[in-house]
1. What percentages make up the Cα-Cα pair-distance distribution of segment 93-135 when the bins are 5 Å wide from 0?
2. About the Cα centre of segment 69-227, how large is the charge dipole given +1 on each Lys and Arg Cβ and -1 on each Asp and Glu Cβ? Please answer in debye to the nearest 20.
3. Select from Gly183, Gly203, Leu159 the residue farthest towards the positive end of the dipole of segment 157-219; place +1 on Cβ of Lys and Arg, -1 on Cβ of Asp and Glu, and compute about the Cα centre.
4. Pairs Lys90/Lys124; Lys124/Lys199; Lys126/Lys213; Lys92/Lys213; Lys92/Lys141: which exceed 21 Å Cα-Cα?
5. Using a simple charge model, +1 on the beta-carbon of Lys and Arg, -1 on the beta-carbon of Asp and Glu, nothing else, what dipole does segment 47-143 show about its Cα centre, in debye to the nearest 20?
6. Pulled fully out, how much extra length does the chain show between Glu70 and Asn182, if you take 0.36 nm times their separation in residues and subtract their Cα-Cα distance?
7. Set Lys and Arg Cβ to +1 and Asp and Glu Cβ to -1, take the dipole of segment 79-227 about its Cα centre, and tell me which of Thr107, Phe138, Ser83 lies farthest positive.
8. Could you size up the charge dipole of segment 140-185 around its Cα centre, putting +1 on the beta carbon of Lys and Arg and -1 on that of Asp and Glu, and report it in debye to the nearest 20?
Amino acid sequence: MTEERKKIVITAAALCLLFIAAVIGIWLYMNRFDPVEYVQAVLDASYKNQTEAYVEITGASEEEAGRIFEDNLDATMEQFATSPMPEELKPKYRELFAQLAEHVSYTVGEAVREEDGSYTVPVKVKPLTLFSDTYETFRQKAKEYADQVTDSVMDGAELPTDDQMQAQVYEIYYEVLSDGINGGMMYGEVKDVTLHVRKNDRGDYEIDDSDMKELDSLLIADTGEES
């Protein structure tokens, strides 16, 4: 092999190695895991029904991503499964809770990689205070309704059944909550929660269920909490 041919071969080999390195670098970049982006995507899909980033990061289908939000609403409505809420009101309440979810406030902080390869991701939450803010209004309107029933019965009208009265109270509460949402949301003091992100048995990253439940509990303040 001549000296010139050797140079050509060496140059071609070097170019080939550079190409391979570039391809590997691109692959690593495209397949990198960013815990902050992942947590943001999971929360946005769970609470705001924003699925684009979740689909891109996890490879899930649009249908699978959309089910996350719907499953959360299902879980919320299950709390009323044994309540006297009329069936005809449940779709209205479901839509109301979907509107409320759009207003939840969370800010994802910087992740820390742990020695075992997992990540801790801090999240700051501003709890919605809709229920505590509207409780007095609801109590007053419910009292007004009870007084109206009492006055009507005293005037000779028939006493409504328990089901009828409970249905009316749920209707009143729906109207109060809906007015509260449309009137502008208010928030309580910032709460901190730490989410642990680690690989599951399939090798996919996920947020610990217990951490997500804690986050759930902080997003909306109980009626007993001050705003």
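1. All Cα pairs, binned at 5 Å, distribute as 5, 17, 16, 18, 12, 10, 10, 8, 4, 1 percent.
2. The calculated dipole for segment 69-227 is roughly 360 debye.
3. Checked the options; the winner is Gly203.
4. In this structure, Lys90/Lys124; Lys124/Lys199; Lys92/Lys213 exceed 21 Å between Cα atoms.
5. 800
6. 38.1 nm
7. It is Thr107.
8. Dipole of segment 140-185, to the nearest 20 debye: 220 debye.
None of the figures in this text is laboratory data; all of them are computed from the coordinates on show. This structure is a prediction, so every number in the text was calculated from the model and none was measured. Ideal geometry is used to build each Cβ from the backbone, glycine not excepted, and the neighbour counts take in all protein chains shown.
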